[in-house]
1. Roughly what angle does helix 3-77 make with the longest principal axis of the chain, taking Cα atoms, 0 to 90 degrees, to the nearest 10?
2. State the label only: which of (i) 2.95; (ii) 1.28; (iii) 1.36 corresponds to Cα Rg over 2.2 N^0.38 Å computed from the shown model?
3. Mind checking Rg over Rh on the range 22-61, alpha carbons, Kirkwood formula for Rh?
4. Could you compute how fast the range 35-82 diffuses translationally, taking Rh as the Kirkwood radius over C-alpha pairs and applying Stokes-Einstein at 37 °C with viscosity 0.692 mPa s? Give it in µm² per second.
5. Suppose only helical runs count, i.e. DSSP H with n ≥ 4. What mean residue ellipticity at 222 nm does that imply for the chain under -39500 (n - 2.57) per run, divided by all residues and rounded to the nearest 500 deg cm²/dmol?
6. Using the Cα centre of the chain as the reference point, and only Cβ charges (+1 on K/R, -1 on D/E), how large is the resulting charge dipole? Debye, rounded to the nearest 20.
7. Picking from Asn60, Ala30, Leu70, whose Cα lies most toward the positive end of the charge dipole for the chain (charges on Cβ: Lys, Arg +1; Asp, Glu -1)?
Amino acid sequence: MSTEARVATLEAKHEALDDACRERNKVIEATHDVVTLALKEQREKFAVLEYRLEKLEAANRGNRDSFRQLELLLRQLLPHTN
């Protein structure tokens with residue numbers, strides 16, 4: 001095989017590798033965009049859930065306080081049966 005033929009073969013392989021690398025980079029960029037979008041959606045959902053959890057915890061604290069007050073009133077109203 002002549003030197004020119006071997007150089008042409010190597011150049012063709014080099015071009016094929018370049019094309020493969022460009023395609024791989026496109027796939028990586030697209031994957032990155034999809035993952036970024038999915039993570040953004042998860043952060044938004046988490047923020048909503050965190051907000052709802054905080055509201056529930058505040059309501060639970062209020063219910064606990066009300067329950068304690070009712071318990072104290074019942075203890076005052078009902079005679080102790082020991």
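Laboratory data are not the source of any read-out in this text; all were calculated from the coordinates shown. In this text the structure is predicted, and so the values were computed from the model without any measurement. Here Cβ is always computed from backbone atoms with ideal geometry, including for glycine, and neighbour counts include all displayed protein chains.
1. Rounded to the nearest ten degrees, it is 0.
2. (i)
3. Details: Rg = 17.3 Å, Rh = 12.2 Å.
Answer for the range 22-61: 1.42.
4. Values: Rh = 13.9 Å.
For the chosen part, D equals 236 µm²/s.
5. On the way: 1 runs with 75 residues, N = 82.
Calculated mean residue ellipticity at 222 nm is -35000 deg cm²/dmol.
6. Values: 14 positive and 15 negative charges, 157 e Å.
I would put it at about 760 debye.
7. Comparing the listed Cα positions along the dipole, Leu70 ranks first.
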